[in-house]
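Here is the structure we will look at, set down as C-alpha coordinates.
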Amino acid sequence: MRLVFMGSPDFSVPVLDALVKAGHEIAAVYCQPPRPAGRGKKERPTAVHARALELGLDVRHPVSLKSEEAQKDFADLKPEVAVVVAYGLILPQAILDTPAYGCLNIHASLLPRWRGAAPIHRAIMAGDTDTGVCIMQMEAGLDTGPVLLRTATQIGAEETTLQLHDRLSALGSEAIVAALDTLPTLTPVAQPNTGVTYAEKIRKDEARIDWTQSSDKIDRQIRGLSPFPGAWCELNGARLKILASRMSEGSGEAGEIIHTPAHVACGAGAVELLRLQKAGSQAQDISEFTRGTPLPKGARLS
(Lines give C-alpha, C1' and ligand atoms only; values in the text may rest on other atoms or scores of the structure.)
Protein backbone atom coordinates (compact mmCIF):
# COMPACT_ATOMS: atom_id res chain seq x y z
CA MET A 1 0.00 0.00 0.00
CA ARG A 2 1.09 3.57 -0.63
CA LEU A 3 0.99 5.34 2.70
CA VAL A 4 2.09 8.36 4.68
CA PHE A 5 3.61 7.66 8.09
CA MET A 6 3.07 10.23 10.85
CA GLY A 7 4.92 9.81 14.15
CA SER A 8 7.65 11.40 16.24
CA PRO A 9 9.03 9.66 19.38
CA ASP A 10 10.84 6.38 20.07
CA PHE A 11 7.49 4.57 20.40
CA SER A 12 6.82 5.15 16.70
CA VAL A 13 10.15 3.91 15.30
CA PRO A 14 9.46 0.13 15.44
CA VAL A 15 6.16 0.78 13.66
CA LEU A 16 7.93 2.56 10.81
CA ASP A 17 10.46 -0.27 10.58
CA ALA A 18 7.68 -2.86 10.47
CA LEU A 19 5.86 -1.05 7.65
CA VAL A 20 9.05 -0.84 5.59
CA LYS A 21 9.84 -4.51 6.24
CA ALA A 22 6.30 -5.49 5.20
CA GLY A 23 6.91 -3.90 1.80
CA HIS A 24 4.59 -0.89 2.02
CA GLU A 25 5.46 2.15 -0.06
CA ILE A 26 6.20 5.06 2.29
CA ALA A 27 5.37 8.18 0.27
CA ALA A 28 6.59 10.46 3.07
CA VAL A 29 7.23 10.55 6.80
CA TYR A 30 5.73 13.38 8.86
CA CYS A 31 7.12 14.16 12.31
CA GLN A 32 7.60 17.01 14.77
CA PRO A 33 10.27 19.59 13.83
CA PRO A 34 13.76 19.36 15.36
CA ARG A 35 13.94 21.18 18.70
CA PRO A 36 16.76 22.42 20.96
CA ALA A 37 17.89 19.72 23.37
CA GLY A 38 20.78 18.87 25.65
CA ARG A 39 23.20 21.19 27.39
CA GLY A 40 24.25 22.88 24.17
CA LYS A 41 20.63 23.42 23.13
CA LYS A 42 21.43 22.22 19.62
CA GLU A 43 18.47 21.32 17.45
CA ARG A 44 17.82 17.60 17.68
CA PRO A 45 15.58 15.67 15.27
CA THR A 46 12.92 13.35 16.63
CA ALA A 47 13.60 9.63 16.79
CA VAL A 48 11.36 9.05 13.76
CA HIS A 49 13.09 11.81 11.79
CA ALA A 50 16.50 10.24 12.42
CA ARG A 51 15.32 6.74 11.52
CA ALA A 52 13.52 7.89 8.38
CA LEU A 53 16.70 9.55 7.12
CA GLU A 54 18.61 6.31 7.74
CA LEU A 55 16.00 4.53 5.63
CA GLY A 56 16.29 7.11 2.84
CA LEU A 57 12.70 8.30 3.20
CA ASP A 58 11.24 11.72 2.44
CA VAL A 59 10.88 13.53 5.81
CA ARG A 60 8.55 16.46 6.42
CA HIS A 61 8.03 18.37 9.65
CA PRO A 62 5.52 21.21 9.22
CA VAL A 63 4.64 23.14 12.37
CA SER A 64 0.96 22.92 11.41
CA LEU A 65 -1.29 21.15 8.91
CA LYS A 66 -3.98 23.82 8.92
CA SER A 67 -2.83 25.82 5.88
CA GLU A 68 -4.08 25.12 2.38
CA GLU A 69 -0.47 24.71 1.25
CA ALA A 70 0.27 22.03 3.85
CA GLN A 71 -2.93 20.19 2.99
CA LYS A 72 -2.16 20.35 -0.74
CA ASP A 73 1.35 19.01 -0.13
CA PHE A 74 -0.18 16.09 1.75
CA ALA A 75 -2.82 15.44 -0.94
CA ASP A 76 -0.18 15.54 -3.70
CA LEU A 77 1.41 12.44 -2.13
CA LYS A 78 -1.74 10.51 -3.13
CA PRO A 79 -1.67 8.16 -0.11
CA GLU A 80 -4.08 5.25 0.10
CA VAL A 81 -3.86 5.43 3.89
CA ALA A 82 -2.04 7.36 6.60
CA VAL A 83 -0.63 5.56 9.64
CA VAL A 84 -0.46 7.81 12.70
CA VAL A 85 1.28 6.92 15.97
CA ALA A 86 2.21 9.54 18.58
CA TYR A 87 2.59 12.23 15.93
CA GLY A 88 1.92 15.27 18.10
CA LEU A 89 -0.19 17.44 15.78
CA ILE A 90 -3.96 17.62 15.40
CA LEU A 91 -5.03 16.45 11.94
CA PRO A 92 -7.56 18.79 10.29
CA GLN A 93 -10.58 17.23 8.60
CA ALA A 94 -9.06 17.88 5.17
CA ILE A 95 -6.11 15.66 6.10
CA LEU A 96 -8.35 12.97 7.59
CA ASP A 97 -10.41 12.89 4.39
CA THR A 98 -7.53 12.72 1.91
CA PRO A 99 -6.45 9.03 1.93
CA ALA A 100 -8.89 6.56 0.36
CA TYR A 101 -8.81 4.44 3.55
CA GLY A 102 -8.51 7.40 5.90
CA CYS A 103 -6.03 7.86 8.73
CA LEU A 104 -5.36 4.95 11.09
CA ASN A 105 -4.08 5.65 14.57
CA ILE A 106 -2.20 3.17 16.76
CA HIS A 107 -3.33 3.97 20.30
CA ALA A 108 -1.66 2.39 23.34
CA SER A 109 -4.74 1.44 25.34
CA LEU A 110 -7.92 -0.60 25.10
CA LEU A 111 -10.25 2.16 23.98
CA PRO A 112 -12.41 3.80 25.22
CA ARG A 113 -10.26 3.50 28.36
CA TRP A 114 -7.41 6.01 28.45
CA ARG A 115 -8.07 8.26 25.53
CA GLY A 116 -5.54 11.05 25.36
CA ALA A 117 -1.88 11.85 25.83
CA ALA A 118 -0.45 9.47 28.46
CA PRO A 119 -2.30 6.13 28.30
CA ILE A 120 0.67 3.96 29.35
CA HIS A 121 1.54 6.04 32.42
CA ARG A 122 -2.09 6.30 33.49
CA ALA A 123 -2.81 2.59 33.12
CA ILE A 124 0.04 1.67 35.48
CA MET A 125 -0.68 4.47 37.94
CA ALA A 126 -4.34 3.45 38.10
CA GLY A 127 -3.45 -0.18 38.85
CA ASP A 128 -4.90 -1.61 35.64
CA THR A 129 -4.11 -5.30 35.21
CA ASP A 130 -4.31 -5.26 31.43
CA THR A 131 -3.97 -2.89 28.50
CA GLY A 132 -3.21 -3.20 24.80
CA VAL A 133 -3.22 -1.41 21.46
CA CYS A 134 -6.08 -0.39 19.20
CA ILE A 135 -5.96 0.36 15.49
CA MET A 136 -8.50 3.17 15.26
CA GLN A 137 -10.06 5.01 12.33
CA MET A 138 -9.36 8.63 13.13
CA GLU A 139 -12.04 11.29 13.28
CA ALA A 140 -12.24 14.84 14.64
CA GLY A 141 -12.77 13.83 18.30
CA LEU A 142 -9.96 12.93 20.72
CA ASP A 143 -9.42 9.17 20.20
CA THR A 144 -13.14 8.69 19.63
CA GLY A 145 -13.05 6.89 16.27
CA PRO A 146 -14.21 3.33 15.58
CA VAL A 147 -11.76 0.50 16.27
CA LEU A 148 -10.65 -1.80 13.46
CA LEU A 149 -8.46 -4.15 15.47
CA ARG A 150 -7.43 -4.53 19.12
CA THR A 151 -4.76 -6.59 20.88
CA ALA A 152 -4.71 -7.02 24.67
CA THR A 153 -1.85 -7.82 27.04
CA GLN A 154 -1.42 -8.07 30.81
CA ILE A 155 0.56 -5.50 32.77
CA GLY A 156 3.32 -7.11 34.84
CA ALA A 157 3.30 -6.59 38.60
CA GLU A 158 6.72 -4.90 38.46
CA GLU A 159 6.49 -3.41 34.96
CA THR A 160 7.50 0.21 34.42
CA THR A 161 6.16 2.61 31.82
CA LEU A 162 9.37 2.17 29.80
CA GLN A 163 9.05 -1.61 29.74
CA LEU A 164 5.35 -1.52 28.88
CA HIS A 165 6.02 1.20 26.30
CA ASP A 166 8.45 -1.07 24.45
CA ARG A 167 6.08 -4.06 24.53
CA LEU A 168 3.13 -2.02 23.27
CA SER A 169 5.24 -0.52 20.50
CA ALA A 170 6.05 -4.05 19.30
CA LEU A 171 2.38 -5.07 19.58
CA GLY A 172 1.33 -1.97 17.66
CA SER A 173 3.81 -2.78 14.90
CA GLU A 174 2.36 -6.26 14.49
CA ALA A 175 -1.21 -5.00 14.69
CA ILE A 176 -0.90 -2.29 12.03
CA VAL A 177 0.78 -4.68 9.57
CA ALA A 178 -2.05 -7.17 10.15
CA ALA A 179 -4.67 -4.44 9.76
CA LEU A 180 -3.22 -3.17 6.48
CA ASP A 181 -3.05 -6.71 5.10
CA THR A 182 -6.82 -7.10 5.56
CA LEU A 183 -7.93 -3.45 5.56
CA PRO A 184 -10.68 -3.67 2.92
CA THR A 185 -12.38 -6.48 4.88
CA LEU A 186 -12.14 -5.01 8.39
CA THR A 187 -15.33 -3.76 10.02
CA PRO A 188 -15.03 -0.60 12.13
CA VAL A 189 -16.59 -1.07 15.59
CA ALA A 190 -17.85 2.06 17.33
CA GLN A 191 -16.47 2.66 20.80
CA PRO A 192 -19.01 2.23 23.61
CA ASN A 193 -20.15 5.26 25.55
CA THR A 194 -19.43 3.53 28.85
CA GLY A 195 -15.96 3.05 30.34
CA VAL A 196 -14.50 6.24 28.88
CA THR A 197 -11.47 7.62 30.74
CA TYR A 198 -8.95 10.30 29.79
CA ALA A 199 -5.18 9.99 30.12
CA GLU A 200 -4.17 13.56 30.87
CA LYS A 201 -0.58 14.69 30.38
CA ILE A 202 1.70 13.93 33.31
CA ARG A 203 2.25 16.98 35.52
CA LYS A 204 5.53 17.61 37.31
CA ASP A 205 3.72 17.97 40.63
CA GLU A 206 2.62 14.32 40.38
CA ALA A 207 6.20 13.09 40.66
CA ARG A 208 6.99 13.85 44.31
CA ILE A 209 6.44 10.84 46.56
CA ASP A 210 4.29 11.23 49.67
CA TRP A 211 5.38 8.34 51.87
CA THR A 212 2.19 8.63 53.95
CA GLN A 213 0.28 7.19 50.98
CA SER A 214 -0.37 3.44 50.77
CA SER A 215 2.37 1.19 49.42
CA ASP A 216 0.33 0.09 46.40
CA LYS A 217 -0.27 3.70 45.33
CA ILE A 218 3.40 4.62 45.77
CA ASP A 219 4.58 1.52 43.89
CA ARG A 220 2.28 2.38 40.97
CA GLN A 221 3.48 6.00 41.03
CA ILE A 222 7.13 4.92 40.86
CA ARG A 223 6.60 2.43 38.05
CA GLY A 224 4.16 4.63 36.14
CA LEU A 225 6.52 7.63 36.10
CA SER A 226 9.65 5.66 35.16
CA PRO A 227 11.78 6.77 33.46
CA PHE A 228 10.18 10.18 32.87
CA PRO A 229 9.63 12.36 34.73
CA GLY A 230 10.69 9.96 37.48
CA ALA A 231 9.05 9.78 40.91
CA TRP A 232 11.29 11.41 43.51
CA CYS A 233 11.86 12.09 47.16
CA GLU A 234 14.71 13.53 49.19
CA LEU A 235 17.61 11.81 50.92
CA ASN A 236 19.64 14.01 53.28
CA GLY A 237 18.18 17.09 51.59
CA ALA A 238 19.08 16.04 48.03
CA ARG A 239 16.67 14.90 45.36
CA LEU A 240 16.57 11.16 44.68
CA LYS A 241 14.68 9.63 41.75
CA ILE A 242 13.22 6.17 42.20
CA LEU A 243 12.85 4.35 38.90
CA ALA A 244 11.81 0.81 39.87
CA SER A 245 10.12 -0.81 42.84
CA ARG A 246 7.98 -3.69 44.01
CA MET A 247 5.61 -4.34 46.86
CA SER A 248 7.10 -5.40 50.17
CA GLU A 249 5.96 -6.14 53.72
CA GLY A 250 6.51 -4.45 57.04
CA SER A 251 5.63 -1.25 58.84
CA GLY A 252 7.28 1.77 60.39
CA GLU A 253 7.35 5.53 60.17
CA ALA A 254 6.46 6.73 56.70
CA GLY A 255 9.66 7.04 54.63
CA GLU A 256 11.76 4.96 57.04
CA ILE A 257 14.12 2.22 55.81
CA ILE A 258 12.80 -0.80 57.72
CA HIS A 259 14.88 -3.53 56.05
CA THR A 260 18.07 -3.37 54.04
CA PRO A 261 18.95 -2.76 51.35
CA ALA A 262 15.95 -0.50 50.67
CA HIS A 263 12.55 -1.55 51.99
CA VAL A 264 10.67 1.64 52.84
CA ALA A 265 7.65 1.97 55.12
CA CYS A 266 4.63 3.74 53.68
CA GLY A 267 1.41 4.99 55.23
CA ALA A 268 0.20 1.40 54.90
CA GLY A 269 2.57 -1.41 53.91
CA ALA A 270 6.01 -1.01 52.36
CA VAL A 271 7.82 -0.92 49.03
CA GLU A 272 11.22 -2.25 48.00
CA LEU A 273 13.29 0.17 45.93
CA LEU A 274 15.09 -1.48 43.00
CA ARG A 275 16.65 1.31 40.92
CA LEU A 276 17.67 4.81 42.02
CA GLN A 277 19.25 7.93 40.55
CA LYS A 278 20.86 10.84 42.35
CA ALA A 279 20.87 14.26 40.70
CA GLY A 280 23.68 14.53 38.18
CA SER A 281 24.40 10.80 38.29
CA GLN A 282 23.48 7.74 36.25
CA ALA A 283 20.65 5.47 37.34
CA GLN A 284 21.86 2.48 39.35
CA ASP A 285 20.40 -0.81 40.53
CA ILE A 286 20.00 -0.88 44.30
CA SER A 287 23.02 -3.13 44.95
CA GLU A 288 25.32 -0.75 43.07
CA PHE A 289 23.71 2.35 44.55
CA THR A 290 24.12 1.25 48.17
CA ARG A 291 27.81 0.50 47.68
CA GLY A 292 28.34 4.23 47.26
CA THR A 293 25.39 5.54 49.28
CA PRO A 294 24.42 3.26 52.17
CA LEU A 295 20.75 3.14 53.18
CA PRO A 296 20.93 1.69 56.69
CA LYS A 297 17.94 0.58 58.67
CA GLY A 298 16.36 3.63 60.27
CA ALA A 299 17.43 6.07 57.55
CA ARG A 300 14.66 8.38 56.36
CA LEU A 301 13.45 9.42 52.96
CA SER A 302 11.45 12.64 52.97
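The values are calculated or read from the model by the stated rules, or taken from the named source; none is laboratory data. Everything numeric in this text was worked out from a predicted model, so none of it was measured. Virtual Cβ from ideal backbone geometry, glycine too; neighbours counted across all protein chains shown. Calculation scope for accessible area: heavy atoms of the full protein, side chains included, ligands and nucleic acids excluded. Shrake-Rupley method; radii C 1.70, N 1.55, O 1.52, S 1.80 Å.
A few notes on this one:
- Listed values [x] 33; [y] 22; [z] 44, entry calculated as percent of Cα pairs over 33 Å apart: [x]
- Bridging of Lys78 to lysines at a Cα separation below 27 Å is possible for Lys21, Lys66, once same-chain residues fewer than 8 apart are set aside.
- Here the dipole of the chain is about 860 debye; that uses its Cα centre as origin and unit charges on the Cβ of Lys and Arg (positive) and Asp and Glu (negative).
- Taking amide hydrogens as placed 1.01 Å from N in the peptide plane, the amide H of Ala244 sits under 5 Å from those of Leu274, Arg275, each at least 5 positions away in sequence or on another chain.
- Within the accessible area of region 79-127 (1.4 Å probe), percent carbon and sulfur: 56
- If you run the Gaussian network model on the chain, springs between alpha carbon atoms under 10 Å, then out of Arg150, Arg113, Arg239 the most flexible one is Arg239.
- Shown in residue order for region 201-211 are the 3J(HN,Hα) couplings computed by the Karplus curve 6.51 cos²θ - 1.76 cosθ + 1.60 at θ = phi - 60°: 4, 6, 9, 4, 6, 7, 8, 6, 7, 9, 5 Hz (x for Gly and Pro).
- Scaled radius of gyration (Cα, divided by 2.2 N^0.38 Å) that region 182-227 gives: 1.91
- Between region 254-302 and region 63-96, the alpha-carbon center distance in angstrom: 48
- Each of Ala268, Ile218, Gly280 was scored by the projection of its Cα onto the charge dipole of region 207-302, and the greatest displacement toward the positive side belongs to Gly280; charges sit on the C-beta of Lys, Arg, Asp and Glu.
- Between Met136, Met247, Met125, the residue with the greatest mean-square fluctuation in the GNM of the chain (Cα pairs under 10 Å linked by springs) is Met247.
- Relative packing of 139-148, 7-16, 183-192, which averages over residues the other C-beta atoms within 10 Å, highest first: 7-16, 139-148, 183-192
- Residue among Arg246, Arg122, Arg220 with the largest mean-square fluctuation in a Gaussian network model of the chain, springs linking Cα atoms under 10 Å: Arg246
- The helix-based estimate of mean residue ellipticity at 222 nm for the chain, built from -39,500 (n - 2.57) per DSSP H run of four or more residues and divided by its residue count, is -7000 deg cm²/dmol to the nearest 500.
- Between the amide H of Leu91 and any residue lying 5 or more places away or on another chain, no distance stays under 5 Å, with hydrogens modeled in the peptide plane.
- For region 83-124, the solvent-accessible area of protein heavy atoms averages 31 Å² per residue (probe radius 1.4 Å; ligands and nucleic acids excluded).
- In a simple Cβ point-charge model (Lys, Arg +1; Asp, Glu -1; nothing else charged), region 244-302 has a dipole of about 160 debye relative to its Cα centre.
- Nearest-20 debye value, region 219-276 charge dipole, Cβ charges on Lys, Arg, Asp, Glu: 340
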